[in-house]
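Report on one structure; see the data block that follows.
What follows is calculated from the coordinates using simple rules that are stated; it is not laboratory data. From a predicted model like this one, the values you see are computed outputs, not experimental measurements. Methodologically, a virtual Cβ is constructed for each residue, glycine included, from the backbone with ideal geometry; neighbour enumeration extends over all protein chains shown.
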Amino acid sequence: MTAPDGRSAEGRGELNRSRLHHYAPWVFVLVLALLPLAFPDPYMLAVLTSAGIFIIGAISLNLLLGYTGQLSLGHVAFFGLGAYTSALASLGFDIGIGFGLRITLQPQPVWLGFIAAIIVAGGFGWLLGRLAFRVRGAYFVIITICFAQVLRMVALNWIELTQGPMALISIPPFSMWLPGQGVVPLYSKAQNYWLVLAVAVLAFIVVRQLVESRIGRALVALRANESLARSVGIRVTHYLVIAAVISAGIAGAAGSLFAHYIRIIDPDVFLFIYTVTMVIMVITGGKGTLWGPVVGGLIFGLVPDLLRGHARPEAQWVLYGVAMILFVMFLPRGIVPALASLRRRA
Amino acid sequence: MDQALQHLVNGTVLGGTYALLGIGLTLIFGVMRVVNFTHGELYAFGAYMTYAFVSLLGVNFFAALALATLCGVALGAALELVLLRRMRKADIDSVMLVMIGASLVLQNGEMWAWGGVAKLVPNPFNGSPLVIGPVSVLPLRLFVLAVSAALLLGFWLMLDRTRAGVAMRATFQDPETAALMGVRIGWVNTATFAIGSGLAAAAGALLGPVFMVSPTMGDLVGLKAFAIVILGGLGSLPGATLGGFALGFVEEYAGGYLSTEYRDAFGFLLIILVLALKPQGLVPAKERIG
Amino acid sequence: MSDLLRVEGLAVHIGGLVAIADASFVVPAGQVVSLIGPNGAGKTTAFNVITGYMRPTKGRILFDGADITGLAPDRIAERGIVRSFQRTSVFTGCTVLENALMALHRRGGAGLLGALFRLPSARREEARLRAEAWAMLEFTGLAERADTLAEVLAYGEQRRLGIALAAIASPRLLLLDEPAAGLNPSETAACMALIRQLRDRGATILLVEHDMPMVMQMSDTIVVLNQGRIIAAGAPAEIRANPEVIRAYLGSGDWQEAAHAAA
């Protein structure tokens, strides 16, 4: 049943689940998975892989920005934390922590670094959530931005650990157990592409399970009407912190993938501009919808490469800025809800 | 002790320009409820305009400062008329996003126009520092301090004595009542954003010759402006003035005595601490229930 | 009969103004208690303090013997005090059914693992919550509107949904802030029927209401607040005959209400 004005389940396609709705996502994933076999073009795969990493970031940001309605503008902090954690775990380190004490870590397998990245980023998500959700609106936004800035300064200046601006280099590629081959490093473009695709699908499923549960309902309730939500016993901080931890953990996973794919990490992974990129993906696609970050991520993950060779690099960012302004002003709910209502009207 | 005095002088010079930045930002927030992410870009814009007038057009240095500030005023007015005027009814998050979009456009537009290489702005002050007792200070920095002080004073007089200032203060306190009393909110907003932007551009024009001019110079400064404003309480003009000097001193002393590398980080840590530990003190209870 | 809620020596000052000077009253379990008084008497303030949305300057609030003064609203709700709001308050952007499910939050307990892995226990709970939500919508007469966005509902239906949301949370004490405000006579009658049904299901109710006939018919006890002080408390018949109450209403110029109250 649809509301009189036809907006009832808009942006929440999961409610109106027809058979097509059920299988279309899996067909989409299957097509993406078969892509490297049909078109083994390394350039295209490279573009899709880095787009995929940012889509994972956007999926995680959407949990905070879209479902809880908290404009977290320090999201890149978790991405960067994940990247550095994973890279450092796989490279090993030996640092002094004062009083003549040293912490030494031998190089660890990459998958351990990946898990460490999720845990460390999630832990910082918990910390930031505990601190920052006591304030809202402009204050929250500014705290989150400052958080990412402080981490960038640490990455720049704690040279013993991070090499500072000289960057962490020679980060090993992701390695994993493959049937019949044992544990092998993933050097080929197609293998990395599949890895990112698999993690993206996992991240999507985690977010979907969460938002379609009692916890997700609590998050949406808090966004829709916080006073009312509290009056029926929904604990604000508790649920916002859960969302922050999961969101940060997924962003950390994306950061880890980034580190082992690019294989060089410098403090610029903490730049505000990367948060903005993820925000644009979520806003244009449709915040608070499951597919929004995927659609927005595909568009803005591919645009830079379409522009390459035709325009100066600044043009890309000017375009992003203009897109952000136009979408917020004229299509604030994003592409996915707009398409959904178009289809319903047709 | 001598070094402490030296830091005091440096902190004051830095604090004066920070206060200019902070006042502009807090005025815009107080009157318009806009968290202005373009503030840092206006600062960079002021610096570039000074460079353009002095180095490319051969304009007199002092005239170039004034012209650059006016360019900032004009750009601010344009931003308000083109973007913010259409968003008067939008929620604060949407306005923030639009301003982030605008700052992306401005910053990369600057990069496009001027290239990524930092520029030096020639100035008429000779390089040898004035030495007064244990303290030495470059004449250019003294000039910057004097102009900042004059601008701050002029701004306060404008708020206190002129019709526009009264209208702004009225809107600052209560937009609805101000509108009922016949204040034209639209124009107050335009004037506010233009003046706030002009102050940011002036700060950039003044500091451009002290440091270097580069397209990303606005990044950090924009965030620092937030730090200043939050230290003083978002929307408080005296607070922003004090906050500006406070951040100047914190950076000078912490940078001097604790760690040069983390100099820029102290401001941000301070914001996180202030907001996380004492949000009640800073956030007025605006929520109305029932 | 035990007192479910005790308000002791409550004082609330808001920015130099005295909203409540000194108020003490009790809500016995199982009763409908109405808090009445002229506009500005401090009724909504009392609600906000009891439910944790405002902090009292002085005084204590005891719920079932435990001190709940100054707890956060969500914590107070967890203990079983749920309120409705004077202004229409629903979860916008969500359907009526989703609204109901959100209000049922406290009736579920599924956590993170249950959600992520769709554990059988979580699935069973979800099915149970949906059944409860439907039952509550049937009960409140909103079942036909289950798939409608809450903000699209007619005004009277929105008010009813607001009460339903508070009731759905199955509180031990239900605070209703002017549930009949702005309703036409037939809607008011429906609203009263709903409140009566809620009471019959075992809820204790504290009501703030301007509609005097409704207050007189519904209440076991009436507490009269004027200028931040309690001037009378007792059964409807006593209150109706209390000269001080009539004077308070006359003084405030609420002629109609006074006439109703005296009738």
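If amide H atoms are built 1.01 Å from N in the plane of the peptide, which residues on other chains or at least 5 residues away come under 5 Å of the amide H of residue C:83?
C:175
So between residue A:263 and residue A:31, what do we pick up on full extension, going 0.36 nm a residue minus the alpha carbon distance?
Separation in residues times 0.36 nm, less the Cα-Cα distance, equals 80.7 nm.
Residue C:154 versus residue A:105, label points 7 Å from Cα toward the beta carbon: distance in nm?
With each label placed 7 Å out from Cα toward Cβ, I get 6.4 nm.
At a Förster radius of 25 Å, what calculated FRET efficiency corresponds to the Cβ-Cβ distance of residue C:66 and residue C:138, to the nearest 0.05?
Working: r = 34 Å, r/R0 = 1.37.
According to the calculation, E is roughly 0.15.
For peptide B:106-115, what's the mean number of Cβ atoms from other chains within 10 Å of each residue's Cβ? Walk me through the intermediate numbers first.
Details: counts 2, 5, 11, 4, 1, 5, 7, 1, 0, 1.
Shielding by partners across B:106-115 averages 4.
Given springs between every Cα pair under 10 Å in a Gaussian network model of chain A, which of A:329, A:176, A:278 has the largest fluctuation?
A:329
State the number of lysine pairs found in the protein assembly as shown whose Cα atoms come within less than 21 Å, restricting to pairs 8 or more positions apart or on distinct chains.
Close lysine pairs under the 21 Å cut-off: 6.
Can you compute the modelled spin-label distance between residue A:273 and residue B:60, with each label point 7 Å from Cα toward Cβ, in nm?
Once both label points are built, they end up 4.0 nm from each other.
Let me know the shape class of the protein assembly as shown, please: from the alpha-carbon gyration tensor, a ≥ b ≥ c as square roots of the eigenvalues, rounded when a/c is under 1.5, otherwise prolate if a/b is greater than b/c, or oblate.
Taking the square roots of the gyration eigenvalues as a ≥ b ≥ c, the protein assembly as shown is oblate.
At 0.36 nm per residue, minus the direct Cα-Cα distance, what do residue B:157 and residue B:138 gain on full extension? Give it in nm, one decimal, please.
Numbers: separation 19, 0.36 × 19 = 6.84 nm, distance 2.90 nm.
Separation in residues times 0.36 nm, less the Cα-Cα distance, equals 3.9 nm.
How high is the relative contact order of chain B, given as a whole-number percent (alpha carbon pairs under 8 Å, six or more residues apart)?
39
Which value in deg cm²/dmol, rounded to the nearest 500, describes the helix-derived mean residue ellipticity at 222 nm for chain C, given -39,500 (n - 2.57) per DSSP H run of n ≥ 4 and division by the residue count?
Result for chain C, helices only: -12500 deg cm²/dmol.
Report the residue, chosen from B:48, B:18, B:262, that carries the largest GNM mean-square fluctuation when chain B is represented by alpha-carbon nodes joined by springs under 10 Å.
Ranking B:48, B:18, B:262 by mean-square fluctuation puts B:262 first.
Summing -39500 (n - 2.57) over the DSSP H runs of n ≥ 4 in chain B and dividing by its residue number, what mean residue ellipticity at 222 nm do you reach, to the nearest 500 deg cm²/dmol?
The helix-only estimate for chain B comes to -23500 deg cm²/dmol at 222 nm.
For chain A, what is the calculated [θ] at 222 nm in deg cm²/dmol (nearest 500), taking -39500 (n - 2.57) for each run of four or more DSSP H residues and dividing by its residue count?
Theoretical 222 nm ellipticity from helices: -22500 deg cm²/dmol.
Taking R0 as 25 Å, what FRET efficiency do you get between residue B:126 and residue B:261 from their Cβ-Cβ distance, rounded to the nearest 0.05?
With a Förster radius of 25 Å, E is 0.20.
For a label point 7 Å from the Cα of residue A:130 along Cα→C-beta, name the residues of segment A:44-81 whose backbone N is under 20 Å from it.
Flagged as within label range: A:74-75, A:77-79, A:81.
At 4 °C and 1.567 mPa s, what whole-number value in µm²/s does Stokes-Einstein give for the translational diffusion of chain B, with Rh from the Kirkwood sum over Cα pairs?
Roughly 67 µm²/s, to the nearest whole number.
With a cut-off of 8 Å between alpha carbons and a minimum separation of six or more residues, what is the relative contact order of segment C:92-152 in percent?
The value is 59 percent.
What relative contact order, as a whole-number percentage, does chain A give when Cα pairs under 8 Å and 6 or more residues apart are counted?
It comes to 31 percent, rounded to a whole number.
Quick one: pull the percentage of alpha-carbon pairs in segment A:7-157 with a separation above 25 Å.
I get 51 percent for the Cα pairs in segment A:7-157 exceeding 25 Å.
Report the FRET efficiency, 1/(1 + (r/R0)^6), for residue A:198 and residue C:237, where r is their Cβ-Cβ distance and R0 is 60 Å, rounded to 0.05.
Once the sixth-power term is evaluated, E becomes 0.20.
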